[in-house]
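Taking it in order: structure first as structure tokens, then the write-up.
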Amino acid sequence: MWNAATFALLVACAPLTQDNVRTVAAIEVVLQTSADRADLLAVLRQQAAADPALHVDDVSDRWEELKAQAQNFPPEADGTLYVGVWRGENDDEQEADVDDMGHKGRVWLTFPKGRVPERSLNFRTRLIAAIRDRWPSSKAIPILPSGALPLAVDLQETPTGYKITKTAAPRYGLLPTSALVAPD
């Protein structure tokens, strides 16, 4: 009985939405060399250092160990870079996720809204500006109405960044006229 009551209480107290973790921006950086990778990590660390509450966790080596131990590692989870920018000593809030999972060499930096949206926006703005200074060819990735990201294979490059291909639009519940969909 106590376990059921505890469970019910926990469920009742859980937030109905997690708007603060909803992805609000994403950008792709193509890394072609190990120097590019080192530069990206340096930019992340430099921008995080501007706020004493932020730190960068690079768990790429641990992810490689996990892949080596796995019998059937899914290709969509394969990549070479797994980094998070976190707020708080105990990784209380993620400010950026950086990985090339499922699209090796094409690193996606994704940004949640954050618990304090203006604070997250300030960090995001600084980091994206630094990324674009170093990689002018970086591209914006569309965010679906749900806050999710489209698959890399469903993206088409446009002058303003990526858009979702017309053929993939129905998969995401998008009309061909949506601003997220590439023109003909």
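Look through segment 64-98, keep the residues that are small (G, A, S) and under 15 Å from the mean Cα position of the chain (by Cα), and return whichever of them is farthest from R37 (Cα to Cα).
First, the residues of segment 64-98 that are small (G, A, S): 68, 70, 77, 79, 84, 88, 96.
Those left that are additionally under 15 Å from the mean Cα position of the chain (by Cα): 77, 79, 84, 96.
Details: A77: 19, G79: 13, G84: 14, A96: 16 Å.
For segment 64-98, the residue satisfying everything is A77.
Is there a residue being in a loop (DSSP other than H, G, I, E, B) and within 24 Å of D36 (Cα to Cα) anywhere in segment 154-171? Can you show your working first?
Within segment 154-171, the first condition is being in a loop (DSSP other than H, G, I, E, B), and the residues that meet it are 159-160, 165-168.
Pick out the ones that are also within 24 Å of D36 (Cα to Cα) and you get 159-160.
Yes, segment 154-171 contains a residue that is in a loop (DSSP other than H, G, I, E, B) and within 24 Å of D36 (Cα to Cα).
Looking only at segment 113-126, count how many residues are closer than 23 Å to V30 by Cβ and within 13 Å of the chain's Cα centre (by Cα).
1
Among the numbered conditions (1) more than 13 Å from V24 (Cβ to Cβ); (2) surrounded by fewer than 15 Cβ atoms within 10 Å (Cβ to Cβ), tell me where S146 comes up short.
Every listed condition holds for S146 apart from (1).
Would you say R87 is surrounded by 11 or more Cβ atoms within 10 Å (Cβ to Cβ), among the charged types (D, E, K, R), at pLDDT 95 or above and touching a strand residue (DSSP E or B) at 6+ places or on another chain (Cβ under 7 Å)?
On the way: surrounded by 11 or more Cβ atoms within 10 Å (Cβ to Cβ): yes; among the charged types (D, E, K, R): yes; at pLDDT 95 or above: yes; touching a strand residue (DSSP E or B) at 6+ places or on another chain (Cβ under 7 Å): yes.
So R87 fits the description; yes.
Go through segment 99-146 and give me each residue that's part of a strand (DSSP E or B), closer than 28 Å to S34 by Cβ and touching an Asp or Glu at 6+ places or on another chain (Cβ under 9 Å). Don't jump to the end; show me each part of the working.
Pass one, segment 99-146, residues part of a strand (DSSP E or B): 99, 106-112, 139-140.
Going one step further and asking which of them are closer than 28 Å to S34 by Cβ, we end up with 99, 106-111, 139-140.
Result: R106, V107, W108, L109, T110, F111, K139, A140.
Kindly indicate whether D133 is out of contact with any Leu (no Cβ under 7 Å at 6 or more places or on another chain), acidic (D, E) and free of Cβ contacts under 8 Å to residues at least 12 places away in the same chain. Working first, answer last.
Working: out of contact with any Leu (no Cβ under 7 Å at 6 or more places or on another chain): yes; acidic (D, E): yes; free of Cβ contacts under 8 Å to residues at least 12 places away in the same chain: yes.
Criteria met by D133.
The values are calculated or read from the model by the stated rules, or taken from the named source; none is laboratory data. In this text, all values refer to a predicted model and were calculated from it rather than measured experimentally. We place every Cβ from the backbone using ideal geometry, glycine too, and count neighbours over all the protein chains shown.
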